[in-house]
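Down below is the structure, laid out as structure tokens.
The values are calculated or read from the model by the stated rules, or taken from the named source; none is laboratory data. These figures come from a predicted structure and were not determined experimentally. Here Cβ is always computed from backbone atoms with ideal geometry, including for glycine, and neighbour counts include all displayed protein chains.
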């Protein structure tokens, strides 16, 4: 067990007794053995002022934070306590004041031990954490896919609009040779963006697509003189 101490100036006393995964705090017993590897028990689930932080198990070891009351004559070791590592069973030895005759407080054997209240429905298991990570990855990749599709649709629309506009001029016989050449040149980028948009529709069929998606290469954006997009970028 690893205990992180959170010092606070106060006049009451904390007596902690460890027995395996059971921690008794001022005669209130908290059995933490249900916390599995990689699990986290939020501090809100533990009804105790002495446990102000989450409790978790990492590499088989319980890690928790205890509120550590400092008396008026507190020492540097009490004000800035180091974490207690590999805490053995028995009364937990906390840093004491700087006085030779200091005797750590001991539990009163006449005081009855009561069971503390833990809301185990709030336990966050390792599996729940993994599922949450996957859900977040999926949401991120869905958003990325939507953005790429939107960009592709925008480019297809603007290129097609320019091709259609130039086609009107060709149809009525007013298009210049340069405009006719521009329309012909836009056929290739339009096809490239359509191929890209089609490829985006296959991304979700990849095995494990949202963990490590393989995105198709986005085509270059063609310059269109009459494009509102180009005019906006020049104005910035």
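Key figures for this structure:
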item	result
Condition broken by residue 217, with the remaining ones in (1) out of contact with any helix residue (DSSP H, G or I) (no Cβ under 8 Å at 6 or more places or on another chain); (2) at pLDDT 95 or above; (3) closer than 23 Å to residue 137 by Cα; (4) exposed (fewer than 11 other Cβ atoms within 10 Å of the Cβ) satisfied	(1)
Which listed residue is in contact with a helix residue (DSSP H, G or I) (Cβ under 7 Å, 6 or more places away or on another chain), surrounded by fewer than 17 Cβ atoms within 10 Å (Cβ to Cβ), farther than 21 Å from residue 128 by Cβ and touching a residue at least 24 places away in the same chain (Cβ under 8 Å), from 52, 42	52
The stretch 168-190, residues that are surrounded by 13 or more Cβ atoms within 10 Å (Cβ to Cβ) and closer than 18 Å to residue 221 by Cα	182, 183, 186, 189, 190
Hey, residue 165 part of a helix (DSSP H, G or I), exposed (fewer than 13 other Cβ atoms within 10 Å of the Cβ) and in contact (Cβ under 8 Å) with a residue 24 or more places away in the chain or not	no
Selection within the stretch 12-39 - within 27 Å of the chain's Cα centre (by Cα) and either surrounded by 14 or more Cβ atoms within 10 Å (Cβ to Cβ) or at pLDDT below 95 (or both)	32, 35, 38, 39
Test: residue 191 is out of contact with any helix residue (DSSP H, G or I) (no Cβ under 9 Å at 6 or more places or on another chain) and not in a loop (DSSP other than H, G, I, E, B)	yes
Residues of the stretch 95-133 classified as in a helix (DSSP H, G or I), surrounded by 12 or more Cβ atoms within 10 Å (Cβ to Cβ) and within 17 Å of the chain's Cα centre (by Cα), total	3
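Residue by residue, here is whether (1) touching a residue at least 12 places away in the same chain (Cβ under 8 Å); (2) in a helix (DSSP H, G or I); (3) over 27 Å from the mean Cα position of the chain (by Cα) holds:
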{"site": "139", "(1), (2), (3)": "no, yes, no"}
{"site": "149", "(1), (2), (3)": "yes, yes, no"}
{"site": "153", "(1), (2), (3)": "yes, yes, yes"}
{"site": "159", "(1), (2), (3)": "yes, yes, yes"}
{"site": "175", "(1), (2), (3)": "no, no, yes"}
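Residue-by-condition table, conditions (1) in the same structural domain as residue 64 (by TED's automatic domain parsing); (2) in contact (Cβ under 8 Å) with a residue 12 or more places away in the chain; (3) in contact with a helix residue (DSSP H, G or I) (Cβ under 9 Å, 6 or more places away or on another chain); (4) under 18 Å from residue 31 (Cα atoms):
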position	(1), (2), (3), (4)
89	yes, yes, no, yes
92	yes, yes, no, yes
98	yes, yes, yes, no
101	yes, no, no, no
105	yes, yes, no, no
109	yes, no, no, no
114	yes, yes, no, yes
119	yes, yes, yes, yes
